[in-house]
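Report on the following structure.
The values are calculated or read from the model by the stated rules, or taken from the named source; none is laboratory data. The model shown is predicted, which means the values in this text are computed figures rather than measured ones. FYI the Cβ positions are ideal-geometry reconstructions off the backbone, even for glycines, and counts take in every protein chain you see.
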Amino acid sequence: MKTVNLNIRIEEETRNKFKRIADDNAQSPSALIRKWINDYIETNKKAPHAK
């Protein structure tokens, strides 16, 4: 599977808090975001062509 980057803009303080809390919980920020995206897709897919 080919992977690509997704760039988002958030405030630096928000990013730092998110990374710190994820690290405290032994979780990768990237893995958390990938899971949230996949959960969102599963919850909201409606068209038969959506993957």
Cβ pairs under 6 Å, 6+ apart, first in the stretch 13-40 and under 22 Å from T3 (Cα atoms), second of a type in the set (D, E, K, R) and part of a helix (DSSP H, G or I) | P29/K19
Hey, could you check the chain for residues that are surrounded by 11 or more Cβ atoms within 10 Å (Cβ to Cβ) and outside any helix (DSSP H, G or I) and say which is farthest from the chain's Cα centre (by Cα)?
-> K45
Picking from A31, A26, A47, the residue that is at pLDDT below 95 and small (G, A, S) would be A47
